[in-house]
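I have placed the structure first, in the form of structure tokens, so that the comments after it can refer back to it.
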Amino acid sequence: MIYTRGYYWNDYIASRSLWPLLDLAIARYTSKPEPWGNPGDEDKLRPRDWREWLFWQWSADGNGRGAEFGAQSNSIDLDYYNGNQDDFDDEFGDGGGMLLEERVAKLEVDLELLKTEARRHGWEV
């Protein structure tokens, strides 16, 4: 999963075919009905390598609602999930019926893809 803001991504990260294989968690602090805001804003607010987001962090301070969610701090992130409860359970719940060994193998493949991309940028892994 990649967590980023559209402006940052579009200004500093090179497009690669690998990126859309990973889920997008977008940081965009707005109360608009979706993270891209008003029509016409999408091109500058959406990271160019994705069409859809999986998580949208729409608030970084929780609007003073921390206690409502059982947090000791009022400053909590508030996020939306782009799916329904069954989708969420399949992805993050009991593993969607996937055996632990299968989940670990998938994570190892994803990690190797990320390492390859990092090395391509000359980053130390």
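Below are the figures for this structure:
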quantity: Per-peptide average of other Cβ atoms within 10 Å, ordering 20-26, 3-9, 119-125, 63-69 highest first; calculated: 20-26, 3-9, 63-69, 119-125
quantity: Straight-distance crosslink candidates among lysines, where the alpha carbon sits under 23 Å from Lys115 and sequence neighbours closer than 8 are dropped; calculated: Lys106
quantity: Taking region 2-82 and dividing mean pair separation by its residue count, relative contact order in percent (alpha carbons under 8 Å, at least six apart); calculated: 28 percent
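Taken together, the values in this text are just the output of simple stated rules run on the coordinates, not laboratory data. The structure presented is a predicted model; accordingly, all values stated were derived computationally and were not measured. We place every Cβ from the backbone using ideal geometry, glycine too, and count neighbours over all the protein chains shown.
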